[in-house]
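Contents: one structure, followed by commentary.
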């Protein structure tokens, strides 16, 4: 298994891929020959990885290949679903539009992830402090030497790192991934946010596909793959044969029980009016706004909840033992 699947900061982030796709779209739309365009981008790139990628694309094109196959030859930087989408539109003449739509989608998604991280940064900081700092607080409260807790703190840190690496490794297996994704859907509040984000990603990706002229059913499968949740993906893939049998998209998606009546109504209007791109954009916007609102609410509620949990731990492990020791001392004196 390649290291870029396990270690952080060894690939290319969504935002950087989005910026790169936007630069390629600008070059292709300007009428500059592809080979010359890659040379210009390679010369102007300030990022070492960008220069390496543009050089590889240029070399691949010189050898008679195209951009899609050049990106597919670099799986350490470009996910399979993105390169397949680009390769599928090479024959339709809509490659610049595909790059532009992918750029917009990836920048939007990275911005949304940043919002999630920003909202959860303080609660996560409290969790780390509780995980690492509570042994010291308990030692001080019970009259022990804080340095005696150093092995426990080191062990906790090592355990945390190993758990994160193990989790990332296990995510490579579809059975484990489906189990985790299914559990997330049943966590109160978190499950609704996961569903909203999955629906938004599905609609965003499918909008890119429809706009770029990707074949209808291929676009649906790609959009299902990109929704980000293995359980929802499986339910969407299950109804695609119904659409192949000429059932409408909104009616088929209703069978999954994962889409809200409002979202399905928006899709139905798009099918009747022939404006699917606009309907999908409205659909994804509705789901994004609901998800962001719930994330912001959770970000406000988590800190006081964590304070309560930490307070309960301190009462159980510091205050009550201290009182018990005090009363035991009084009893021994009497």
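Report, to two decimal places, the Cα Rg of the range 234-318 normalised by 2.2 N^0.38 Å (N = number of residues).
Details: Rg = 20.7 Å, N = 85, 2.2 N^0.38 = 11.9 Å.
With N residues counted in the range 234-318, Rg over 2.2 N^0.38 Å equals 1.74.
Sorted from fewest to most neighbouring beta carbons within 10 Å, what does the list 297, 94 look like?
On the way: 297 13, 94 17.
Least crowded to most crowded, the residues run 297, 94.
Residue separation times 0.36 nm, minus the C-alpha to C-alpha distance between residue 175 and residue 316: what's the value?
Values: separation 141, 0.36 × 141 = 50.76 nm, distance 3.87 nm.
Value of the extension gain: 46.9 nm.
Expressed in nm², what is the orientationally averaged projection area of the convex hull enclosing the Cα positions of the range 10-78? Intermediate values should be presented prior to the final figure.
Working: hull surface 17.0 nm².
The number I arrive at for the range 10-78 is 4.3 nm².
Grab the Cα-Cα distance for residue 237 and residue 275, subtract it from 0.36 nm times how many residues apart they are, and report the gain in nm with one decimal. Mind showing how you got there, number by number?
Details: separation 38, 0.36 × 38 = 13.68 nm, distance 2.33 nm.
Computed gain between residue 237 and residue 275 is 11.4 nm.
Give me the distance in nm between label points sitting 7 Å out from Cα along the Cα-to-Cβ direction at residue 51 and residue 125, one decimal.
Each label point lies 7 Å from its Cα, and together they span 3.7 nm.
Say R0 is 35 Å: what FRET efficiency, to the nearest 0.05, do residue 246 and residue 81 get from their beta-carbon distance? Kindly include the intermediate steps, with their values, before the conclusion.
Numbers: r = 26 Å, r/R0 = 0.75.
Result of the calculation: an efficiency of 0.85.
No lab work stands behind these numbers, since they all come straight from the coordinates. Please read all numbers here as calculations on a predicted model, not as lab measurements. Don't worry about glycine lacking a Cβ; one is built from the backbone with ideal geometry, like all the others, and counts go over all protein chains shown.
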